[in-house]
Amino acid sequence: MAQAYDHSTIEKKAQEKWAALNLSLTDVGDENKEPYYLLCEFPYPSGDLHTGHWYAFAVTDIYARYLRMQGKNVLFPIGFDAFGLPAENAAIRNNADPKEWTYKNIERMRTQLASMGASFDWSKEVTTADPSYYRWTQWLFAKLFEHGLAYRKEASVKWCPKDQTVLANEQVIDGCCERCGTPVEEKRLTQWFLKITEYAERLLADLEPLPWREEIKEAQRAWIGKSEGAYIEFPISGREEKVKVFTTRPDTIYGATYVVLAPEHFLISTLLGVVSNKKEVEKYIAATTKKTERERSENKEKTGIKLEGVTAINPATKEEIPIYIADYVLASYGTGAVMAVPAHDDRDFEFAKKFDLPIREVIEPVTGKPLPDEQFRKSIVAVVENKKTGQILCLDWTDEYGGVLFIGGGLEEGEDPAAAAVREIKEETGYKNLRVLGTLGKSHHHYYAFSKKIARNVEVIGVHLELVDDERNEPALEENEKNRFSVLWLTKDEAERKVKDENHALVFRRFIRNKPYTGNGILANSGTFSGRESEEAMADIVQAVGGEQALQYRLRDWLVSRQRYWGCPIPIVYDPEGKPHVVPAEHLPWLLPTDVNFKPTGKAPLASSKELRERVTKIFGEGWTPEYDTLDTFVDSAWYFMRYLDPQDTHSFSDVALMKKWLPINRYSGGSEHTTMHLLYARFFYKALYDLALVPTAEPFAERFNRGIILGPDGAKMSKSRGNVVNPDDFVAKYGADAVRLYLAFIGPYNEAGSYPWNLEGVASMRKFLDRVVRLFARVDKEEMPRELARRLAQTGAKVGEDCKRFKFNTALAALMSLLNALEKLQNVPASALREFTLLLAPFAPHLSEHLWERLGGEGSVHQTLWPSSDSSLFAKNEAEIVVQVAGRRRGSVQLRAEASEAEALAEALKISAVQNALGGKEPSRVIYVPGRILNLVV
RNA sequence: GCUGGGGUGGCGGAAUGGUAGACGCACAGGGCUUAAAACCCUGAGAGGGCCCAAAAAUCCUCAUGUGAGUUCGAGUCUCACCCCCAGCACCA
């Protein structure tokens, strides 16, 4: 074999050595070294280590090893997120014990994780399915319950009919179960919730100062989904009840021409007594509640039904307006009821069109910015449609300020806008037969008419017309309008693209695209508020209609009940009256019973346990009953990083002093798929504990890095069905773990969530690099280190260190490769240079580096040695290549002393013939000189 | 649709406003070899000019999605547009 070393022997030996030296064992009480807590998301013990695991753990391990060489006391723990569905599903399939399945997998994964050379501190291992762990999950749940942060309510929940369980909102993707893809159903059950909504504002605000990548923060913000608005009550005519709505646009209330309730709205049952179309309404509600979430959102065609015989009163206009029920209003957001303003909301507009409801414009859009000395004028913009060809009539203005516009023109004193539109069209195009389809409310347009050199403030009325036939006269153009434009018929798409004028575009959008105006503007038809700016008047309007300013969040409380077996039992028992009580601490861990039937029956598996019922009776008395649900596994993983500090603690979930010392976590490395769920839950949980004075800081993670994903060699996501799954073990066997680590580090930047195809030649090329390193070591000699080489090593050391800090392992490795290229060119390779090279390589290829370290006669382990400190005097260069540019283009370069003066540099530069050529005999009019870098001669 | 992140060779990717394409893959030519593999050396963004001819060096032009702008100098900053990816999405 042409490989220069035997990786299996070397790797085995190195791992044994590290184990004997307790290399990755962290003394968390150490007071001498600076603590650094490096956390990886812990794996689910699915049984086999795949490429994703390697990418997650082996690459982060590089950083752990680097930090140790920086003299840091590094805590780099690992554990298993061991509760969850796959174990239970496997158990159902094989009629086995989920516990056995899980622990067998954990055993297997421990060996596999060790094989990558990851320097985890196994003494801190945590397994969420261990009673010694979940005892504290239960304890923490009890704390939340005692402080009102865990509560029970009957709620409409997402139910997966296949897995026979309730799901969290987050586990529903496009209306389907995240795990099995089955469309979810709605079910009303009494469930446990954690009050994450109470922390919405702080989860949002505390995100701001965190130095995380914007995409991570933005995803969390979107998930929390804050909006500012107001609650406003709409009285129901002749009744006590009121419809309370949430709106972000109280300024549009004068345009609210109906009210809509969600089908689940609590008022409906009362109102059903008085409506005259009770049967139809009930039918509609039955039909919509039967629909799955998916069906509701898939079919965006608006449906709904009017409540006949009852009306609401618009508190602003005092008008009676109809009440509808429609499933486009969500019961779970705001108040489950909305005031509909069809003129200024897309959804209400669509609904109003379908049910033929009045559309009242109360916002006049404003385009352009007010200018000094404006001339006021009234005008029209006419959008003429030829329904036969689907084209729109436009004018192409040929003068220099022109462009494509619709027909526009001034309104004569007292003239009807529609009539003015017809007149303008005739004058400018000659078309005779037009039908007016509709007109729009006013908008305002500020602009500067260059051709006339005046600023204008135009009040525009949009008119929509249809061309009846092609009959046409000569246009009746005024003298100054002749030859200044041509008539143009454009398709709708062309017209949309070519008509740039903002105000014209508004009219087009409204008539042709059938979209309402949803922006701000000047209030109209709004009583005493008419004429004011919509944004500015908002607060006054809320006050005038007796509303209250309010915030709403998209985030819902966290549903944590699961009707599954393999999870942490909820530590709750019910007294004979059915009131919940927490299981007292002395009875924790509240063990998961083993005498259960976990075949999916639609009932919680724990309900089949005789032992659990007897346990409750025995401890609490006759008539007491257990809670049968288990906790969402996201609860288990919301606090595991605290347990790592003190995993065997039997008195507390973690140690106060250690938490104070080690939290917040310095850097949390994980996958982008956990940005919204796990990361948000963990932040919430931590904040709740902070408020109970159980943890020392308000945020758990100082830094968060999302890594990317490794794709198959074909550039597609790895999947068994595609047959593009790469098994890292094959590569480890052939090229060694070090080569695989190197390849994953080199594949792309680790500090961003990109996606990188696995190159089948990649690992081999890394092995080639390592083989070259080994061959280089055969050429070691005792020469003194030349200064130039010492500098090169120092520079590389600094570069590699910097890149490691930024998780840019790809460029760190590139620097090492360049260094190797340079070393290979040397006649004599000094041992001291090889020693330093080994140190720089150690975090990346830990096994081989250990071997080479021994060959060089190094003491102890290379991984216990400090990173080479660089002598800063080495960085001072005495000579530098100065690039010479003429007018910003490179024309050559000169070698100069670093401190050379501009005059010296210029003199040298002028000797270059290419520079002379480019100057063309002229003297440079200006010289820019950046010492040590560049000399730019401007002609 | 909204929000965020991107767009650089055949590919993965590099570049504090200062030599664009580091480093590597794939590729081509050469060496070693009976031969192949392995290994080593060399080349390479595209185009052009120079030349009897070929090769190399040197030289010139064009090149970081498109178009404009700021600057002595732009992959990097500003504006507009196009495209890709991710998150959210009937959230009032």
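The values are calculated or read from the model by the stated rules, or taken from the named source; none is laboratory data. Note that the structure is predicted; figures quoted are calculated from it, not measured. Using ideal geometry, Cβ is built from the backbone for each residue, glycine included, and neighbour counts are taken over all protein chains shown. For accessibility, only protein heavy atoms count, side chains too; no ligands or nucleic acids. Shrake-Rupley method; radii C 1.70, N 1.55, O 1.52, S 1.80 Å.
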Within straight-line cross-link reach of A:Lys217, aspartates and glutamates at Cα separation under 12 Å, skipping those fewer than 8 residues along the same chain = A:Asp206, A:Glu208, A:Glu703
Residues whose modelled amide H sits under 5 Å from the amide H of A:Ile454, counting only those 5 or more places away in sequence or on another chain, are A:Ala449
Carbon and sulfur atoms account, in whole percent of the 1.4 Å probe accessible area of region A:756-867, for 51 percent
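Kirkwood hydrodynamic radius (Cα pairs, Å) of region A:699-822?
16.6 Å
Length gain on complete extension for the stretch A:Arg435 to A:Ala702, per 0.36 nm per residue less the alpha carbon to alpha carbon distance?
Details: separation 267, 0.36 × 267 = 96.12 nm, distance 6.59 nm.
Computed gain between A:Arg435 and A:Ala702 is 89.5 nm.
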In nm², the average projected area of the convex hull spanned by the Cα atoms of region A:366-486 is 7.8 nm²
If every Lys and Arg gets +1 and every Asp and Glu gets -1 at its Cβ, then about the Cα centre chain A yields a dipole, in debye to the nearest 20, of 1920 debye
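Which of the pairs A:Lys278/A:Lys353; A:Lys153/A:Lys195; A:Lys187/A:Lys244; A:Lys153/A:Lys242 have their Cα atoms more than 19 Å apart in this structure?
Working: A:Lys278/A:Lys353 24 Å; A:Lys153/A:Lys195 12 Å; A:Lys187/A:Lys244 25 Å; A:Lys153/A:Lys242 24 Å.
Long pairs (Cα-Cα over 19 Å): A:Lys278/A:Lys353; A:Lys187/A:Lys244; A:Lys153/A:Lys242.
Which percent of the accessible area of region A:148-226 is formed by carbon and sulfur heavy atoms (probe 1.4 angstrom)? It would help to have the intermediate numbers written out before the result.
Numbers: 1720 of 3530 Å².
That fraction is 49 percent.
Would you work out the relative contact order for chain A, in percent, from Cα pairs under 8 angstrom that are 6 or more residues apart?
That works out to 14 percent.
What is the Cα convex hull volume of region A:499-657 when expressed per residue in Å³? Please report the intermediate quantities before stating the final value.
Working: hull volume 50.8 nm³, N = 159.
Considering the Cα atoms of region A:499-657, their hull volume per residue is 320 Å³.
Counting only helical runs of four or more DSSP H residues, what would the 222 nm mean residue ellipticity of chain A come to if each run contributes -39,500 (n - 2.57) and the total is spread over all its residues?
Numbers: 29 runs with 315 residues, N = 939.
Rounded to the nearest 500, it is -10000 deg cm²/dmol.
Pop out the Kirkwood hydrodynamic radius of region A:103-197 from its pairwise C-alpha distances, inverse of mean 1/r, in Å to one decimal.
Values: mean 1/r = 0.0601 Å⁻¹.
The Cα-based Kirkwood calculation yields 16.6 Å.
Given a cut-off of under 8 Å on Cα pairs at least six residues apart, what relative contact order in percent is computed for region A:304-397? Write out the running numbers ahead of the final one.
Details: 68 pairs, mean separation 12.1, N = 94.
Answer for region A:304-397 is 13 percent.
So what is the orientation-averaged projected area of region A:209-357, using the convex hull of its C-alpha atoms, in nm²?
About 10.5 nm², averaged over all directions.
For region A:805-916, just run the numbers: alpha carbon Rg, then divide by 2.2 N^0.38 Å, N being how many residues it has. Display every interim value, and only then the final one.
Values: Rg = 20.3 Å, N = 112, 2.2 N^0.38 = 13.2 Å.
Computed over Cα atoms of region A:805-916, the ratio equals 1.54.
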Find the accessible area per residue for chain A; the probe is 1.4 Å, ligands and nucleic acids are left out, and the unit is Å².
-> 45 Å²
Given q = 0.05, 0.07, 0.08, 0.10 Å⁻¹, what are the Debye log10 I(q)/I(0) values for chain A, with equal point scatterers placed on the Cα positions and solvent ignored?
-> -0.48, -0.86, -1.02, -1.18
For region A:773-858, compute Rh as the Kirkwood radius over C-alpha pairs and then the Stokes-Einstein diffusion coefficient at 10 °C and 1.306 mPa s; write the answer in µm²/s, rounded to an integer.
-> 122 µm²/s
Between A:Arg93 and A:Asn277, what is the label-to-label distance in nm when each label sits 7 Å out along the Cα-to-Cβ direction?
-> 5.2 nm
Please report, for the Cα atoms of region A:181-240, the Rg to one decimal and the Dmax as a whole number; what are they, in angstrom?
-> 18.4, 57
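Let me know the volume per residue of the alpha-carbon convex hull for region A:865-935, in Å³.
Spread over its residues, the Cα hull of region A:865-935 gives 100 Å³ apiece.
Considering only protein heavy atoms and a probe of 1.4 Å, how much of the accessible area of region A:900-939 is carbon and sulfur, as a whole percent? Walk me through the numbers on the way to the answer.
Numbers: 1240 of 2400 Å².
In region A:900-939, the share of accessible area belonging to carbon and sulfur is 52 percent.
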Counting DSSP beta bridges in chain A, what percent are antiparallel, to the nearest 5?
-> 70 percent
Directionally averaged shadow of region A:532-599, computed from the convex hull of its alpha-carbon atoms, nm² | 10.3 nm²
Can you pull the three principal axis extents for the Cα set of region A:296-443, in Å, largest first?
-> 56, 43, 29
All-pairs Cα distance distribution in region A:109-158, expressed in whole percent, bin size 10 Å | 19, 27, 27, 17, 10
Diffing region A:897-909: the Karplus 3J(HN,Hα) column from phi (6.51, -1.76, 1.60, θ = phi - 60°), in whole Hz with x for Gly and Pro, holds 5, 4, 9, 4, 7, 4, 4, 4, 4, 4, 4, 5, 5
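Contour minus end-to-end for A:Ala539 and A:Glu178, with contour as 0.36 nm per residue of separation and end-to-end as the Cα-Cα distance? If you can, show how the numbers build up before the last one.
On the way: separation 361, 0.36 × 361 = 129.96 nm, distance 4.21 nm.
Working it through step by step, the gained length comes to 125.8 nm.
Could you work out the Kirkwood radius for region A:49-121, taking every pair of different alpha carbons, averaging 1/r and inverting it, reported in Å? Could you put the intermediate results ahead of the total?
Numbers: mean 1/r = 0.0717 Å⁻¹.
Radius from the Kirkwood sum: 13.9 Å.
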For region A:141-245, list log₁₀ I(q)/I(0) at each q in 0.11, 0.18, 0.22 Å⁻¹, using the Debye formula over Cα point scatterers of equal strength and ignoring solvent, two decimals each.
-> -0.59, -1.12, -1.13
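What length, rounded to one decimal in nm, is gained on full extension from A:Ser46 through to A:Glu824, with 0.36 nm per residue of separation minus their alpha-carbon distance?
Details: separation 778, 0.36 × 778 = 280.08 nm, distance 4.47 nm.
Answer, rounded to one decimal: 275.6 nm.
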10 Å binning of all Cα-Cα separations within region A:326-408, expressed as whole percents from 0 upward = 12, 23, 31, 20, 12, 1
